Amino acid sequence: MGDDTAHTLWHGRFEGGPSEALQALNDSLPFDQRMYAQDIAGSRAHVTMLAEVGLLTEIERDQILVALDTVEGEFDAGTIRFEPSDEDIHTAVERRVTELAPEAGGKIHTARSRNDQVATDLRLWTKRELGDLAGLVVRFQQTLLDQAVAAGDAHLPGYTHLQQAQSVSLAHHLLAHGWTLARDVDRLLATRERLDVSPLGAGALAGSSLPIDPVRTAELLGFAKPFDNSLDAVSDRDFVAESLFDLALLGVHLSRIGEELILWASAEFGFVTLDDGFSTGSSMMPQKKNPDIAELARGKAGRLVGHLTGFLTTLKGLPLTYNKDLQEDKEPLFDACDTIRLTLLALDGMVSTLTYNTDVMAAQADSPYSAATDLAEYLVRNGMPFRSAHAVVGEHVRHALEGQDSLENLVAGDDRLGPEAAALLRPGMSVRQRTSRGGGAPSATADQLDRFRSLLAALADRI
Ligand code: ARG
């Protein structure tokens, strides 16, 4: 304790140095150093602006810019050396710049605070990251699309209450997840658009008495616009909460896909066979092939929801403006992004290497009972009110289940239904019936595939 007293940013005001316990709790460098490129970009814009408004000479500006290049090179190469006084990434970069350019470096923090600096860095980081993650989701959607195309006319049971309901084409089922993920991409990009505001120039909380130009730094950093209110600029972390929500919901969607794959890969379903490269074995039971990736996709959702609720709780009740509580924004955000990235990549690999056991799917889908609604709709086409039709078919189903006769025979022998209706119970017939827009028949799916293709192209363009 105390050796590095002279190096803290506030050493003028303090007689003693920070205690070890304070440093251990307070320092964010271990996790915020991953924003070094954004921190350096922010400093480049800041000093460029300072020179333009006359607060730095061109020589001073250039000395700082050269030092910033060196520091960035050190970070890139992993040769940067930290000092115990480097509390966070902002402190570390400023300390190193000042070592390299002692005179000019002392001016880098003119009219700037770590409060506007950290908000700027994290917005820049998040802006890039959300675009990257949206790209990975689109890639996974492309996998689902490719598989939907490859599935051709294969069909499987559709479920409600996890009970077989009506059969649908496999392509239809795969695309359902594709459409869900399209909303995730849209949300990530909308969040990215809303966060595109530069907080630089807000200072600690109230702006500056010096003639700085926040419009210019916003422009230099490629932000869509500068902040309007300095108090809001340094205390707003809505973009973190929104990102955490987007990622949590995306994680929830991936967990639902994971759960389905777990079911489908079970011996009881047997709908899919997992590729060896994307499944694991058991240390004890030689016969096992486990869907770990799908289970982790399911499990990681808990952690993502936790980051969202945890961070909202951190924000709740915080008075304006910056409070150190806000330093709790980075770890959940970084972890949520890393978690989604890993999960998407593995799940994409798992899905793209699946073998679909379409015979098993079809055998389940072609249970005559799953065509019961088609029989009722047959009666409706002949003028019977749906409620009565439901009762007529329901009675046949009950009798068939009681063992009176096969459903097909019962239907064929009922003159309101007859052989034409009974033909609907033959394998592969039911799935072809639901041709309404967005429905599960292969013919309706073809149309949907086209619309999904256009949507995917539009989303990819927005990234
Ligand atoms: N490491 C801090 C954070 O992540 C940077 C801002 C520090 N500001 C301050 N007034 N101590 O929030």
Straight-line reach from Lys324: which lysines have Cα under 27 Å away, leaving out those fewer than 8 places along the same chain?
Lys107, Lys127, Lys225, Lys316
Starting from 0.36 nm per residue, how many nanometres of slack lie between Leu312 and Leu263 once their C-alpha separation is accounted for?
14.3 nm
When the charge dipole of the chain is computed with +1 on Lys and Arg Cβ and -1 on Asp and Glu Cβ about the Cα centre, the Cα farthest towards its positive end, among Pro199, Ile40, Pro427, belongs to Pro427
Give, in nm to one decimal, the length gained when the segment between Tyr159 and Ala457 is fully stretched (0.36 nm per residue of separation minus the Cα-Cα distance).
104.3 nm
About the Cα centre, charge dipole magnitude for the chain (Lys/Arg +1, Asp/Glu -1 at Cβ), debye
1260 debye
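Expressed in nm to one decimal, what extension gain is obtained for the pair Glu395 and Arg426 from 0.36 nm per residue of sequence separation less their Cα-Cα distance?
9.2 nm
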Hey, can you rank 312-320, 141-149 by average C-beta count inside 10 Å, highest first?
141-149, 312-320
Could you tell me the distance between the Cα centroids of the range 214-269 and the range 29-49, to the nearest Å?
21 Å
In nm, spacing of pseudo-spin labels at Ala150 and Ala24 (7 Å Cα→C-beta vector)
5.3 nm
Within the range 360-463, list the trypsin sites (Lys or Arg not before Pro) lying in a DSSP loop whose Cβ has at most 15 other Cβ atoms in a 10 Å radius.
Arg416, Arg437
I need the GluC sites (Glu not before Pro) found in the range 1-101, filtered to DSSP loop residues with at most 13 other beta carbons within 10 Å of theirs.
Glu15
Hits for the chain under the membrane-span-like helix rule (DSSP H, Cα axial span at least 27 Å, Kyte-Doolittle mean at least -1.0) are 58-77, 114-150, 170-194, 238-265, 292-315, 330-352, 442-462
Local electrostatic count, Pro419, Cβ distance below 14 Å [Lys/Arg +1, Asp/Glu -1]:
-2
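Laboratory data are not the source of any read-out in this text; all were calculated from the coordinates shown. Being a predicted model, the structure only gives us computed values, none of them experimental. When we count neighbours, we look across all protein chains shown, and the Cβ atoms used for this are built from the backbone with ideal geometry, even at glycine.
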